[in-house]
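A.B. asks: Mind looking over this structure? Questions follow.
The values are calculated or read from the model by the stated rules, or taken from the named source; none is laboratory data. Note that the structure is a prediction, hence the values are computed from the model and not measured. All Cβ positions, even for glycine, are placed from backbone atoms using ideal geometry, and neighbour counts span all protein chains on display. Just so you know, the surface numbers come from the protein's heavy atoms only, side chains and all, with ligands and any DNA or RNA stripped out. Shrake-Rupley method; radii C 1.70, N 1.55, O 1.52, S 1.80 Å.
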Amino acid sequence: MRIFTSHLSLNIPNILSNPVRPANMGFSPVLSLSQFLSSILFLFHFHTTISSSNYSSSSHFCAPDQSLSLLQFKESFSITSSASERCQHPKTESWREGTDCCSWDGVTCDMKTGQVTALDLACSMLYGTLHSNSTLFSLHHLQKLDLSDNDFNFSNISSRFGQFSNLTHLNLNFSGFAGQVPSESSHLSKLVTLDLSRNHYLSLEPISFDKLVRNLTQLRELDLSSVDMSLVVPNSLMNLSSSLSSLILNSCRLQGEFPFSMRKFKHLQQLDLRYNNFSGSIPDDLGQLTELVSIYLSYNGYLSVEPSSFDNIIQNLTKLRNLRLGLVNMSLVTPNSLANLSSSLSDLGPWGCGLKGKFPGNIFLLPNLQVLDLTDNDDLTGSFPSFNASNIIRSLSLSHTAISVYLENDFFTNLKLLEVLALRQCNIIRSNLTLIGHLTELTSLNLIGNNLSGQIPSSFKNLVQLQSLYLGNNNFSGRIPEFLGNLTLLENLGLSNNQLSGPIPSQISTLSLRSFDLSKNNLHGPIPSSIFKQENLDVLSLASNNKLTGEISSSICKLKVLRLLDLSNNSLSGFIPQCLGNFSNSLSVLNLGKNNFQGTIFSPFSKGNNLGYLNLNGNELEGKIPSSIINCMMLQVLDLGDNKIEDTFPYFLETLPELYILALKSNKLHGFVNGPTTKNSFSKLRVFDISNNNLSGPLPIGYFNSFEAMMAYDQNPFYMMAYSIKVTWKGVEIEFEKIQSTLRILDLSNNSFTGEIPKEIGKLKAVRQLNLSHNSLTGHIQSSLGMFTNLESLDLSSNLLTGRIPVQLADLTFLAVLDLSHNRLEGPVPGGKQFNTFNASSFEGNLDLCGFPMPKECNNDEAPPLQPSNFHDGDDSKFFGEGFGWKAVAIGYGSGFVFGVTMGYVVFRTRKPAWFLKVVEDQWNLKARRTKKNARRNGARRN
């Protein structure tokens, strides 16, 4: 029989049946048998020892309780593909009962004890809630835990994480955690790496942070990006471990003075404090951190650097490879000081820093330079070298600089590895655009606003890697090339504001586009129905082509991620698909104005939608205004003017808390406008235009008491939106496309209002234009109108007003247009100041008025004027922007809807403010994501 394994086997039966008989040896047979049995026992013991040793070193089965805990943890989550975005490896699918858990994917065990010491479930597509009683917390011997890129559905980080006393590495990045970081996390005193980043609903209170920095003394890598640390004092960062080699606090809402010293972090290699609100100066001793390889300080709007501090950084940090200082105030820094940068530098981004003067040419020649971004330094001069520039440059951005660029043969020969070329509104001296076709690695090309002409070069068909193409605001002519449809990776196409003609080529619809902007060209014909089937579209703008015809396909309702739809100023007709009110909660901007649409306004509007701008002006819409529009709680602009809507005044609109502009002009509204039915009615309204209707009764005094935004001046004016709004401004019908927040218009003209002008109207002192003309108003002109110190246009014509013109009106120093004609006014026309600028047409039809400029003379009988105001005169450009071109962009909400996707719309039309352009321009290069993921996660942003 076999007693041992093959490598130590003995054939015992053979030995016993043929015993060795050593006849000539002095041993008895009994002694030989005894020795033989002793040998057998020795060999048995030896084999047992060897086998036991071999088993422990190779098998190391995990403890049963560990296996059970892991299996129960697995069962508490579902596997969902949308739960992991960066990568997808469903590791728990390999976990099977009855098998060694130490061999399971993502599980590492101690070789001697079989205890689980490391769990790597990154990208495992786990979806569900991580409860505090999870069996995960039974794995007491864990040293490394990685749960990154899963979806724990806004779970709180349990305080039981603090029980992992042996933990050295903890990674919960990008996994949908919410709530506060528990103070018990400070118990993890052995932590070397902690990553809680990109959990957007996670916050860290000052007390918990103080405990963290006090107890985690061995910490070398800390990443809390996107964790809300707004209450943490920046100087408390100096209490962090001096062992830190990487500190990443990107987008943490930190605010206040930048830490006054950084010298203790002698081992720091990476410092990333982007997207916060630091103020003050970058400390001098940052230049003492000689191990620094990467510095990222962009998007801190009030941060500055002194020339001496910058010189220290440049001269001492010889290992520096990445330097990103976007929006840091460097206006006092001489560009030439950049010449001393380390030759190892690969990424330089001082964009939007206010640099002035000549940029040192040697920077272009740095042998390791791969990324150079000088955008938005308008006074930065110099010349990009025609040859000898670093031939490994992958990204070159010179937009909005005065640096000379020669797009000729040498440029393209030298930069064959270029992936991103951004030359928006820059100083292109000479160009041969055909040669761009040689840059076959390009993924993004931006040539907006350079007055380029001719046809779009056919050589662009060679740019097979292209993902973004922006050629707007030029003079390109001819047809849109069909070969664009062959650029299969193209996601963002912006050709707005050119002279392109012909139909929209159907080939383009074969692409998987995210943004598509052909606005302001000379295109004609129908919109290919397949365009409305582009399910990844974020932005679709085909506005102001005038000759686009046909109907909107109902397929548009499949565009679930669409945020901006602008088909205005065309010749589209038919009925608007009813689904537009509820097909997507992503839609922010909807402009179908100035077409020939018929039927009723689409409805219902779904609850929870993000619609901020709705313009249906200038169509042939009938019926009533749907009451479900009150579900649009983010709505700031509603323009339903110039239609055939037959309804009473829509009081329910009072409940829209963010409404800035309400335009219902030129419809068939009728009945009284009695005033508010709720508190805070129209409190944010800046434009109220109900002119050219059939409204009657007294003026709505109650609303005059509710228009709080018209009672106050904006201390910090801003461009609200790129929303077009058609108004009668200073007597002329104008459609404005960019509006500053200081605009205030009250227009109730061309109705049948009766009674007197109430004295309460004087509260609306911030109004810039008041038009009550063509009604049947009686009584006197209120002297309280003299309090309208910003008033620029006043029209009370064609009423039944009596009495004298208040002399206080002469003190309205901004007043440029005045029309009091065709009333029953009497007495002298006030003299001096603004009134000297008006001719007789402003007062005609008042037979009893006298004095200049009227033909009838009278005695001087002026009332005492009000105290002169201290306001300075201004022009329309302060609140109406110039005309603009537009590049399709969108981003998620920052501070309400104003600074969301539509602010991007403003910026790309106006380039004001320029810094915001950079934020949104890169956002368009991100992959469109599902709504829930957008809520809990940020995409990559410009550095």
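A.B. asks: Work out, step by step, the length gained on full extension between Phe652 and Met633: first 0.36 nm times the residue separation, then minus their alpha carbon distance; give nm to one decimal.
C.D. replies: Here the segment from Phe652 to Met633 would lengthen by 5.6 nm.
A.B. asks: At what distance in nm do the modelled label points of Ser383 and Thr113 sit from each other, each positioned 7 Å from its Cα along Cα→Cβ?
C.D. replies: So the two model labels end up 7.1 nm from each other.
A.B. asks: How much accessible area does His169 have with a 1.4 Å probe, in Å² rounded to the nearest 10?
C.D. replies: 60
A.B. asks: When you take every Cα atom in the stretch 380-525, what is the radius of gyration, and what is Dmax, the widest Cα pair distance, in Å?
C.D. replies: 14.9, 49
A.B. asks: Here's a follow-up. In square angstrom, what is the accessible area per residue of the stretch 214-351 with a 1.4 angstrom probe?
C.D. replies: 37
A.B. asks: So for each of 229-237, 589-597 I average, over its residues, the number of other beta carbons within 10 Å; can you give me the resulting order with the highest mean first?
C.D. replies: Working: 229-237: 18.0, 589-597: 23.2.
Ranking, from highest mean packing down: 589-597, 229-237.
A.B. asks: Please list the equivalent ellipsoid semi-axes of the stretch 661-708, computed as the square roots of five times the alpha-carbon gyration tensor eigenvalues, in descending order and whole angstrom.
C.D. replies: Values for the stretch 661-708, descending: 19, 13, 8 Å.
A.B. asks: Explain nothing, just compute: Karplus ³J(HN,Hα) = 6.51 cos²θ - 1.76 cosθ + 1.60, θ = phi - 60°, for every residue of the stretch 820-825 in order, whole Hz, x for Gly and Pro.
C.D. replies: 10, 5, 6, 10, 10, 6
A.B. asks: Rounded to whole Å and sorted largest first, what semi-axes of the equivalent ellipsoid does the C-alpha gyration tensor of the stretch 257-304 yield via the square root of 5 times each eigenvalue?
C.D. replies: Details: eigenvalues 68, 30, 11 Å².
Over the Cα atoms of the stretch 257-304, the semi-axes work out to 19, 12, 7 Å.
A.B. asks: I would also like to ask the following. For the stretch 122-202, give the magnitude of the charge dipole about the Cα centre (Cβ charges: +1 Lys/Arg, -1 Asp/Glu; no others), in debye to the nearest 20.
C.D. replies: I would put it at about 160 debye.
A.B. asks: Over all directions, the average projected area of the alpha-carbon convex hull for the stretch 269-381 comes to how many nm²?
C.D. replies: Projected over every direction and averaged, the Cα hull of the stretch 269-381 covers 5.9 nm².
A.B. asks: Ranked from highest to lowest mean number of other Cβ atoms within 10 Å per residue, what is the order of the peptides 546-552, 792-798, 75-81?
C.D. replies: Ranked from most to least packed, the peptides come out as 792-798, 546-552, 75-81.
A.B. asks: Would you kindly state how much longer the chain becomes between Gln715 and Thr778 on full extension, computed as 0.36 nm times their sequence separation minus their alpha carbon distance, in nm to one decimal?
C.D. replies: Net length gain for the segment: 19.1 nm.
A.B. asks: Ignoring any ligand, DNA or RNA, what whole percent of the accessible area of the stretch 109-193 comes from carbon and sulfur when the probe is 1.4 angstrom?
C.D. replies: Carbon with sulfur: 48 percent of the solvent-accessible area.
A.B. asks: While we're on this one: May I ask you to give the solvent-accessible area per residue for the stretch 371-498, in square angstrom, as obtained with a 1.4 angstrom probe?
C.D. replies: Normalised by residue count, the accessible surface of the stretch 371-498 is 36 Å².
A.B. asks: Also: Would you mind checking which residues have amide H under 5 Å from Gly755's amide H? H placed 1.01 Å from N; only 5 or more apart, or other chain.
C.D. replies: Sorted by chain and number, the residues that satisfy this are Thr778.
A.B. asks: Just how many % of Cα pairs in the stretch 506-595 lie over 18 Å apart, if you round to the nearest whole percent?
C.D. replies: Everything past 18 Å amounts to 36 percent.
A.B. asks: Right, here's the next one. Taking just the alpha carbons, could you work out the radius of gyration and Dmax for the stretch 814-859, both in angstroms?
C.D. replies: Radius of gyration, then largest Cα-Cα span, for the stretch 814-859: 9.8, 27 Å.
A.B. asks: By how many nm would the segment from Asn546 to Thr837 lengthen if fully extended, with 0.36 nm per residue of separation less the alpha-carbon distance?
C.D. replies: 100.8 nm
A.B. asks: So, for the stretch 587-694, what is the accessible surface per residue at a probe of 1.4 Å, expressed in square angstrom? Can you show the working numbers first?
C.D. replies: Details: 3470 Å² over 108 residues.
Averaged over the residues of the stretch 587-694, the accessible area is 32 Å².
A.B. asks: Same structure, new question: Just grab the label-to-label distance for His140 and Ile734, each label 7 Å out from Cα along the Cβ direction, in nm (one decimal).
C.D. replies: Simple spin-label model gives 7.7 nm for this pair.
A.B. asks: Something else: For the peptides 616-625, 143-152, what is the packing order when you average, over each peptide's residues, the other Cβ atoms within 10 Å and list the highest mean first?
C.D. replies: 143-152, 616-625
A.B. asks: I'd like the Karplus ³J(HN,Hα) series for the stretch 91-102: coefficients 6.51, -1.76, 1.60, θ = phi - 60°, whole numbers in Hz, and an x wherever there's a Gly or Pro.
C.D. replies: Residue by residue, the stretch 91-102 yields 5, 5, 5, 7, 7, 10, 5, x, 10, 5, 5, 5 Hz.
A.B. asks: Can you pull the one-decimal nm distance between simple spin-label points at Thr488 and Lys624, each 7 Å off the Cα toward Cβ?
C.D. replies: Here the modelled spin labels are 5.4 nm apart.
A.B. asks: Next up: In whole percent, how big is the carbon plus sulfur part of the accessible area of the stretch 537-604, probe 1.4 Å, protein atoms only?
C.D. replies: Details: 970 of 2050 Å².
C and S atoms contribute 47 percent here.
A.B. asks: Under a no-solvent Debye model with one identical scatterer per Cα of the stretch 652-768, what's log10 I(q)/I(0) at q = 0.09, 0.20, 0.23 Å⁻¹?
C.D. replies: Once normalised to I(0) and log-transformed, intensities are -0.23, -1.25, -1.60.
A.B. asks: Give a residue-ordered list of calculated ³J(HN,Hα) values for the stretch 164-173 (Karplus: 6.51 cos²θ - 1.76 cosθ + 1.60, θ = phi - 60°; whole Hz; x for Gly, Pro).
C.D. replies: Coupling constants for the stretch 164-173: 6, 5, 9, 5, 10, 9, 10, 10, 10, 4 Hz.
A.B. asks: Amide H to amide H under 5 Å from Glu257: which residues, 5+ apart in sequence or cross-chain, H placed 1.01 Å off N in plane?
C.D. replies: Under 5 Å from the amide H of Glu257 lie the amide H atoms of Ser279, each far enough along the sequence or on another chain.
A.B. asks: For His524, list long-range residues whose amide hydrogen, built 1.01 Å from N in the peptide plane, is under 5 Å from its own amide hydrogen.
C.D. replies: Sorted by chain and number, the residues that satisfy this are Gly502, Ile504.
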